[in-house]
Structures are given as structure tokens and as C-alpha cells.
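Report on one structure; see the data block that follows.
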Amino acid sequence: MSTDHRAQVAELMADYRRSRERLAETHHDLSSIAETARSKDGSVLVVVGPQGVLREVVLSGDVYERQRPAQLAATIVQLTAAAAQAASRRAADVLAEVLPAGTDPELLLGGHADGASDSAPRNESRRIDDNDDDEDFSDASWLRQGPAERKW
């Protein structure tokens, strides 16, 4: 292998290592995101993780005297949504640093940091009749199809 090729390979390997390190840093930054929201009276606190996952709910000792169950539930839902929105904004900021110019990190995260979301449509559920022996599942398994036959 000529010296020029060795230098090119060494440069490519160095780029690869830098990319892997940056990916690990970004993953760590995203996984460490946690946002907190507290009710105005301080009786409810929620902590939400990077994907809007509720990690913790802290209730004051007298919260049940201050709020009725339905009101408490609504407070928890509102606080969780606010904290999830803040977490989404932080995640978008982290991703914006590593994505190519012009890429919308909020769109990659499955919505927008302002709370609007164009979530992917879900499959519609249907009732399954366990007693229906005539049901045909021949078209239900894509595992038996070759890659060229699959319709993604």
C-alpha cells in the first residue's frame, strides 16, 4: 500500500473515531436530559426524561386535602406535558449541534418543541374472533417474503 493510501486510511480512521466519540457524547447528553415542573402551590412536582417519559412524581403530605383526585390528576398531566415540552426543546438543542445545516431536529424527535406534533398514524385495531377458523393469515406474514416483495 502506498504512503498516500496509508495516509488516507489513517485520516478516515481518525474521522471515524471522532464521529464515534461525538455520537457517544450526544447520546450521553440526550439521555441525561431531565426537566422538572412544579405546581404553583408547590404541592406537586414531576420530573420528565428526555423522551417525555415521567420519571418521578412528588406529592406534598397535604396534597389530598388541597386537591380533589380529579384535580390532582389533571395537575399531574399538565405538569408532565409542560416538562415534556421543555425536555423536547433541550433534546432539539442537543441534536441541532450535530445535525447537518437545515435539518429540523424537532421534526426528527417526532414533533415540534412548541408542543405541536404530527405523530405517525397508528394501525387501527380490529376485533379478533378466536372462534373464526376460516380466517386467512397468508398475507399477514412479511417474514416469509423476500426483501424485494416487502411493501414498507
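The values are calculated or read from the model by the stated rules, or taken from the named source; none is laboratory data. As the structure is a prediction and not an experimental result, all values here were calculated from the model. Cβ: placed from backbone, ideal geometry, glycine included. Neighbour counts: every protein chain shown. Accessible surface is based on the protein model in full, side chains and every heavy atom, while ligands, DNA and RNA are left aside. Shrake-Rupley method; radii C 1.70, N 1.55, O 1.52, S 1.80 Å.
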- Message: For region 1-99, I need the span (max minus min coordinate) of the C-alpha atoms along each principal axis, in Å, sorted largest to smallest.
- Response: 79, 20, 16
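Keeping the other protein chains in place, figure out the carbon and sulfur percent of the accessible area of region 1-113, with a 1.4 Å probe.
Reported share for carbon and sulfur atoms: 55 percent.
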- Query: Each label point is 7 Å from the Cα along the Cα-to-Cβ direction; what then is the distance between the points at S31 and L107, in nm?
  - Reply: 2.9 nm
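Could you give the length gained on full extension between V9 and R38, defined as 0.36 nm per residue of separation minus the Cα-Cα distance, in nm? Walk me through the numbers before you get to the answer.
Values: separation 29, 0.36 × 29 = 10.44 nm, distance 5.33 nm.
In short, 5.1 nm is gained.
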- Find how much the distance from A74 to S19 grows on full extension, using 0.36 nm per residue of separation minus their present alpha carbon separation; answer in nm with one decimal. 15.4 nm
- Once phi is turned into θ = phi - 60°, what whole-Hz ³J(HN,Hα) does the Karplus curve with 6.51, -1.76 and 1.60 give for every residue of region 50-65, x standing for Gly and Pro? x, 10, x, 7, 5, 9, 7, 10, 10, 10, 5, x, 9, 4, 6, 7
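So how many Å³ per residue does the convex hull of the Cα atoms of region 68-111 work out to? Don't skip to the end; give the middle numbers.
Values: hull volume 2.2 nm³, N = 44.
Spelled out: Cα convex hull of region 68-111, divided by residues, is 51 Å³.
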